[in-house]
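As C-alpha cells, the structure follows; a few thoughts come after it.
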Amino acid sequence: MGTHRFFIKQFDPALKVIKFPGDIAHQIQHVLRLKQGERVIVMDGEGKACQVELTRDDSGRTIGKIIEIGEVDSGLNVHVHLYFPLSKKKKVEWIFQKGTEVGVHAFHPFISQRSLVQSIEMNEKRKTRWASIIREAAEQSGRSRLPALHKPELLSNVIKTTADSLDKIFAAWVGEGDQILKDALADVRHLVTTMDGIPSLGLFVGPEGGFSETEIEVFKHTGVETVSLGAHVFRMETAAIVFPALVIYELSDIQRSE
C-alpha cells in the first residue's frame, strides 16, 4: 500500500510540527489505525508537500513531526476547467469526486435555461461538503494539488468571463456533426508544446435537456467551439467525466518544451 496523503491548507513548516484537524486526526487514529512512527505525506493543495512522522502530544492527540519538505508538480500538461450544470445532489457530488480523480483543475457549476436546479444559492454547509468530497478524492487518487471550487453562476455570466481568461474553450454538444474532440485538440497540443506556462482549457457540459439553441449561438459568437464526444448520447454526469478524461488522456503524452 502506498503512503497515505492528507491535505491541510495551512501549516507552517518552520514549526516542524503539524497539528491535524479533528476529522483527519480521527481518520488517522480510528479509521486507518496508523501507528506512531509511521510516515504520511501532508500537502497544502498548492504544490508544497511534507513527509511527516506520526507521533502524539502530551494530551494523546495525533500530531506529525516534519521530516522533509518539498515541492510537487501536478504532472498534468493542461489545466482543465470543468463547467457543468447544477443538478440532483448525488449527480453533482459524483462529478466532484470522479472529476477530481481524473485530473480536473477547477470546477465551475452553473445554472442554464434547462438545468434541473435553477438557484445559484449555496449555503456554507453545502460548500463544506463539496470541498470535503474534493479533498478526499484528491487524497485517494494521489493528487498533489486540490482542484479549485467556484461558486455557482448563471451560464450567461460564465460565458462572458471565461472568454478572456482561458486559452481554449470547448462545449460538448450532441448537435455537433462536423468536429470530433480529437480533431479539435490539435491546436491545444500545439499550445502545450510552445507555451511557457501550462495552458488553461475550458470544457462545458450541458444539462439533462441539453443546451438551448440560444446558448449554442452565444457559445459560437464568443469563440467557444462545439465538439462531439462520439456517436452515443451520454447522461450529463457521464459526459462531465468522460469529457475531461479524454482531454487529459489525449494530451498526457506530449513532451513540453523547456
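The values are calculated or read from the model by the stated rules, or taken from the named source; none is laboratory data. Not measured: the values here are computed from a predicted model. For neighbour counting, all protein chains shown are included, and Cβ atoms are generated from backbone atoms with ideal geometry for every residue, glycine included. To get the accessible areas, we keep the full protein, side chains included, count just its heavy atoms, and leave off ligands, DNA and RNA. Shrake-Rupley method; radii C 1.70, N 1.55, O 1.52, S 1.80 Å.
For K182, the accessible area of its heavy atoms, probed at 1.4 Å with every protein chain present, is near 120 square angstrom. For the chain, with a Gaussian network of springs between Cα atoms less than 10 Å apart, report the residue from V117, V102, V205 with the top mean-square fluctuation. Maximum fluctuation in the GNM of the chain, among the listed residues, is at V117. Pairwise alpha-carbon distances in the chain exceed 30 Å for 35% of all pairs.
Converting phi to 3J(HN,Hα) with the Karplus coefficients 6.51, -1.76 and 1.60 and the offset θ = phi - 60°, region 56-71 yields 9, 8, 5, 8, x, 7, 6, 10, x, 9, 5, 9, 8, 10, x, 10 Hz in sequence order, with x at every glycine or proline.
Dividing the summed helix terms, -39500 (n - 2.57) for each DSSP H run of n ≥ 4, by the number of residues in the chain produces a 222 nm estimate of -9500 deg cm²/dmol to the nearest 500.
Of A106, A137, A186, which has the largest mean-square fluctuation in a 10 Å C-alpha GNM of the chain? Of A106, A137, A186, the Gaussian network model singles out A186 as fluctuating most.
The accessible-area ordering, largest first, of the residues E217, E71 stands as E71, E217, per a 1.4 angstrom probe. Across region 215-221, computed HN-Hα scalar couplings (Karplus, 6.51 cos²θ - 1.76 cosθ + 1.60, θ = phi - 60°) run 5, 5, 5, 5, 4, 5, 6 Hz from first to last residue, x flagging Gly and Pro.
Looking at region 12-143, send over the antiparallel percent of its DSSP beta bridges, to the nearest 5. Write down the numbers at each step before the final one.
On the way: 17 of 22 bridges.
Bridges in region 12-143 that DSSP calls antiparallel: roughly 75 percent.
Rg to Rh ratio, region 95-191, alpha-carbon atoms and Kirkwood radius? Using only Cα positions, Rg/Rh for region 95-191 is 1.00. Computed on protein heavy atoms with a 1.4 Å probe, the accessible areas place D187, D196 in the order D196, D187, largest first. From the Kirkwood radius over Cα pairs of region 30-134, Stokes-Einstein at 25 °C and 0.890 mPa s returns a whole-number translational diffusion coefficient of 145 µm²/s.
Out of the trypsin sites (Lys or Arg not before Pro) in region 1-57, which ones are loop residues according to DSSP with at most 13 other C-beta atoms within 10 Å? Intermediate results must be reported in sequence, preceding the final value.
On the way: sites: R5, K9, K16, K19, R33, K35, R39, K48, R56; in loops: K9, K16, R33, K35.
Taking region 1-57 and a limit of 13 other Cβ atoms within 10 Å, the loop trypsin sites (Lys or Arg not before Pro) found are K9, K16, R33, K35.
When only Cα pairs below 8 angstrom with a gap of at least 6 residues are kept, the chain shows a relative contact order of 21 percent. Rg and Dmax of region 168-258, both derived from C-alpha coordinates alone, stand at 13.6, 44 Å. Using C-alpha pairs below 8 Å separated by at least 6 residues, the relative contact order for region 1-74 is 33 percent. With Cα atoms as the point set, the radius of gyration and Dmax of region 188-233 evaluate to 13.8, 39 Å. Within the listed set A239, A25, A131, the Gaussian network model of the chain (springs between alpha-carbon atoms below 10 Å) gives the highest mean-square fluctuation for A25.
The phi torsions of region 169-181, fed into the Karplus equation with coefficients 6.51, -1.76 and 1.60 and a -60° offset, translate into couplings of 9, 10, 10, 6, 9, 5, x, 7, x, 10, 10, 8, 4 Hz, rounded to whole numbers, with Gly and Pro shown as x.
Across region 120-211, the relative contact order, built from alpha-carbon pairs under 8 Å that are at least six residues apart, equals 30 percent.
Expressed to the nearest 5 percent, the antiparallel share of DSSP beta bridges inside the chain is 40 percent.
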